[in-house]
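A short worksheet on the structure shown next.
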Amino acid sequence: MAGGRGGGRGGGRGPLPRDVQVSKKIAWLLRHGAEKEGLQMGEGGFINVQDVLNNRNIKSLNVSFGELRQLVADNDKKRFTMVPASTVEGGAAEDPTAAAATEASSSSKPTDWLIRANQGHSLKVDEEGLLKPITKSNMPQTAVHGSTHAAWPLIVSSGGLKPMTRNHVHFASGLPAGFKSVVDDDVNEDGTTQQQNAAPVISGMRKSSTILMFLDLAKAIDAGMKFGISDNGVILSEGNAEGLIPLELFKRVEDRTGQGVLLEDGKVIKEAPASWGAKK
């Protein structure tokens, strides 16, 4: 089937909810399939909404403009940005006058709007306007990558994190709701940590992550790594010249299921159980 991802049934558990089907189709198209489907992607990854709605993958679900606008507004991880085309110049979003913004945002014509995925692309994207550059003067306090038991031995053997099939390695700017570090860094006077007092992040890490990899962002920037942050707060990097973010740039790696700290100050201090690398 065209598109290859999104929609359909979820592992034999019955049809996915309508909003999930549509979200998956849209995400696939904007992140991976636009070029194959003949869609023109502008600077910052924007595509005209009418072109998206006309695409065969989206038309197969009979997605309306109103439904798409609501999906973008309600998406729990804020995966998409939709803006009036008149407020975008050369693909990079600009701040329009209040009058122009009001008039543009009231348009019900799909041709008057642009949409993009905020991160997760495998397609090459002109990143000006997609990501805000991170420097030591504006860097988030936390940059943490979520991984799995099965992936951790592979990360160690390769010497660090790679983008794999995506353009970037993804980091969250904090921990999702329900996650807690096994190390209480930066304890406040009331006994809580800065992470506990911060609002949980909405994107950048899967809830199924069992391995938490805390990057030393300042050290990585000093090492020449380039980082940017997306509209929905995900920290992204292509890595070094070899496409790698080396393990020595990580402050700490933790296991959420009881093994504790696996790496500290760039050095592995505890071997992973043999079962983690076993194929199931």
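The values are calculated or read from the model by the stated rules, or taken from the named source; none is laboratory data. Quick caveat: nothing in here was measured; it's all calculated off a predicted structure. For neighbour counting, all protein chains shown are included, and Cβ atoms are generated from backbone atoms with ideal geometry for every residue, glycine included. Side chains are part of the model used for accessible areas, which takes the heavy atoms of the whole protein and leaves out ligands, DNA and RNA. Shrake-Rupley method; radii C 1.70, N 1.55, O 1.52, S 1.80 Å.
When we screen G239, G233, G228 for residues that are modelled with pLDDT under 95, in the same structural domain as V183 (by the TED database), open to solvent by less than 40 Å² (accessible area, probe 1.4 Å) and outside any loop (DSSP other than H, G, I, E, B), the only hit is G228. Would a scan of the stretch 88-95 turn up a residue that is surrounded by fewer than 17 Cβ atoms within 10 Å (Cβ to Cβ) and modelled with pLDDT of 90 or more? The answer is no, given that none of the residues of the stretch 88-95 is surrounded by fewer than 17 Cβ atoms within 10 Å (Cβ to Cβ) and modelled with pLDDT of 90 or more. One residue stands out among those in the stretch 251-272 that are without any contact (Cβ under 8 Å) to a residue 40 or more places away in the chain and over 17 Å from A143 (Cα atoms): the one that is surrounded by the fewest Cβ atoms within 10 Å (Cβ to Cβ), which is G258. Which one is farthest from R206 (Cα to Cα), of the residues in the stretch 96-116 that are modelled with pLDDT under 90 and open to solvent by less than 60 Å² (accessible area, probe 1.4 Å)? Among them, the one singled out is A100.
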